[in-house]
1. With the stretch 274-350 as the region, which strands (runs of 3 or more DSSP E) entirely inside it contain at least 3 residues that are within 18 Å of residue 97 (Cα to Cα)?
2. (1) farther than 18 Å from residue 150 by Cβ; (2) crowded, with 18+ Cβ neighbours inside 10 Å; (3) at pLDDT 85 or above: which one isn't true of residue 297, the others all being true?
3. Residue under question is residue 101, and the condition is that it be crowded, with 20+ Cβ neighbours inside 10 Å and part of a loop (DSSP other than H, G, I, E, B); does it hold?
4. Which residue out of 105, 92, 119 is free of Cβ contacts under 8 Å to residues at least 12 places away in the same chain, at negative phi and out of contact with any helix residue (DSSP H, G or I) (no Cβ under 9 Å at 6 or more places or on another chain)?
5. As an exercise: evaluate residue 112 against (1) surrounded by fewer than 16 Cβ atoms within 10 Å (Cβ to Cβ); (2) assigned to a strand (DSSP E or B) and give the number of the one condition it does not meet.
6. Give me a count of the residues in the stretch 73-98 that are in a loop (DSSP other than H, G, I, E, B) and either modelled with pLDDT under 90 or more than 14 Å from residue 180 (Cα to Cα) (or both).
7. Tell me whether the stretch 130-138 contains one or more residues that are within 14 Å of the chain's Cα centre (by Cα), surrounded by 18 or more Cβ atoms within 10 Å (Cβ to Cβ) and within 27 Å of residue 316 (Cβ to Cβ).
C-alpha cells in the first residue's frame, strides 16, 4: 500500500489536482493548504455583507429608469410635489378684449386648465409649474407655458395664478402656450419633483370661439368742467424763475393747474373743494414696448381708477399710495400718461415713448 504523499512507482499519471504540493494530484481537495481556506471564507463573508447594498442599488436604478406615469384628459397624476389633474384644453383659445398683446402672425394661443392638489401632510408650491410644463405638438416641438400677463384669453380670466397651496387643498388654474396655427397639441409634460405626461387626443381638444377683432380704444379727452352758470378766473404770477403755473378756478369747484412751457411738472384737474389732487413726479421707464410694465411715481395715487397712455386705457397691475404699475396697452402710441383718481386727474409732463 502506498503511503500518503508517496509518489507511485510508475511515475505521475492521470489528471493532476489543484494542490501544488501534490504534483501528481493524489491529495484530496479537503486537504488543501490552510492558507487558502481563510481567504475563501473572507471573500464569502464580504459578498454576503454587500448583498443588501447591491439589492438597494438595483431597486434605485430600476426606479430612476422607469418612465413617468402617463395619463389623459381627466387623469390625476403625481407631479410638482403633489398631484395634478388635467381638466381641459382649448385650441385655439379666445383672445380677450383686455389682452395686451396678440400672437405673432401664423400662431395661436392654446389654454390648458389644470387642478393641482397638495398632499394632506404638507403644503405644496405650484408656482414653478409654468416653467416646468411643456406642450408638445404634432411637429414634435415643445412649447414652454406662459403666465397670463400680456396675453389674456377668455377661458382663463377667472383663474388666479398658480401659487402655494395649503396642505390638503386644491387650486384650479390656467396655462397658456403659443403654438403655430397648423400645429395640434398631442402631449402635456410636467417635470419637477415628480414627472407626469398627459396624452392629448384630437377628440379631447375644445375649439374656442373666434376672437373678436382687437380695436384700439379712442383717445380720451378730459371732460369740460366749465359750463352755463359757472364763473372762472385765471391768475398768473411772474418771479425770478419765470412765469409760475397758471391756475384756473371754475364756479363748480374745478381747479386746473398748468405748468409753464419748458417745465417738468404736470397738469392737474382737481374736482371738489379742500381735496389735494394727485401728483406725478416720475415715470419709469420713460419708453417701452407693448405689454411692458411701467411704474408711475408720485403722491396720492392709491385711489387710481384708470391710467391711460396716449389716451389708451392701460391695465393696472398694482397700485400703492405713491406708485401705480401698469402694462403698456395694445394700440398705445407715444404720448402723455394720465392717472384718474376720485380726487382729480393728473397728466405727466413727460412724453412716454412706445417702442
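1. Strands (runs of 3 or more DSSP E) meeting the threshold: 306-309, 312-314.
2. It fails just one condition, (2).
3. So residue 101 does not fit the description; no.
4. After ruling out the rest, the residue left standing is 105.
5. Unmet condition: (1).
6. 9
7. no
Yes/no per residue for (1) modelled with pLDDT of 95 or more; (2) within 24 Å of residue 70 (Cα to Cα):
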site: 151; (1), (2): no, no
site: 157; (1), (2): no, no
site: 160; (1), (2): no, no
site: 166; (1), (2): no, no
site: 171; (1), (2): no, yes
site: 182; (1), (2): no, no
site: 187; (1), (2): yes, yes
site: 209; (1), (2): no, no
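The values are calculated or read from the model by the stated rules, or taken from the named source; none is laboratory data. As the structure is a prediction and not an experimental result, all values here were calculated from the model. Neighbour counts are summed over all protein chains in view; Cβ atoms, including those assigned to glycine, are modelled from backbone coordinates with ideal geometry.
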